[in-house]
Amino acid sequence: MTSSASLIATDIEFERVGFQTGTLRLPWSHDRSAYGHIPIPVAVHNAGAGSGPTVLLTGGNHGDEYEGPVALMKLLQRLPSMTIRGRLIVILGLNFPAFINGSRTSPIDHGNLNRLFPGARNGQPTEMIAHYVETELLP
């Protein structure tokens, strides 16, 4: 039986009440490290179970579009002091390699995240990001 769980790990506890920041760790084997990873920043503000819906906010699907990440950075500055109902998950640079590079597609695998959903668990890095969103965040 093949597992469909994502290979992307995180130090975030999505169910924990309160505000937390951390990273999604996208596995990436390269010349400097066979066990390397690409950190993708993530923040979660959780008011507690049963207090409201979960909302996922992402920016940086394309690395050359800055409006979303700028708006989310402004939100993140205020988020720890905000009172909310439910849970807010914020990923300001979903395709982080493209975001850091300022390019539409990932400089690693030339993947256009917007065209790769539902992704692939064992695929290229951009496919793995899409798979994580589909299998871990959206459900």
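Before moving on, here are some points about what is shown:
- Of the trypsin sites (Lys or Arg not before Pro) in region 52-139, the ones in a loop by DSSP (not H, G, I, E or B) with at most 11 other beta carbons within 10 Å are R85.
- Highest GNM mean-square fluctuation among H62, H30, H45, for the chain modelled with Cα contacts below 10 Å: H30.
- Size descriptor, Kirkwood hydrodynamic radius, that averages inverse alpha-carbon separations across the chain, Å: 15.5 Å
- Label-zone membership for region 97-139, site S4, 7 angstrom Cα→C-beta point, backbone N under 14 Å: 118-122, 131-139
- Computed from the C-beta positions of A120 and M82, the FRET efficiency with R₀ = 25 Å rounds to 0.10.
- Comparing mean-square fluctuations of I108, I129, I89 from a GNM of the chain with C-alpha springs under 10 Å, the top value falls on I108.
- Neighbour cut-off at most 12 other Cβ (10 Å), DSSP loop, chymotrypsin sites (Phe, Trp or Tyr not before Pro), region 4-89: Y35
- When both region 1-31 and region 83-139 are represented by their alpha-carbon centers, they are found 12 Å apart.
- Relative contact order of the chain, defined on C-alpha pairs under 8 angstrom at six or more residues apart (%): 24 percent
- In this label model, S103 and D31 are separated by 1.6 nm, measuring between points 7 Å along each Cα→Cβ vector.
- Anisotropy class of region 1-48 from Cα gyration tensor, a/c 1.5 cut: oblate
No value in this document is a laboratory result; all are computed from the given coordinates. The model shown is predicted, which means the values in this text are computed figures rather than measured ones. Here the Cβ is made from the backbone with ideal geometry for all residues, glycine too, and neighbour counts use every protein chain on show.
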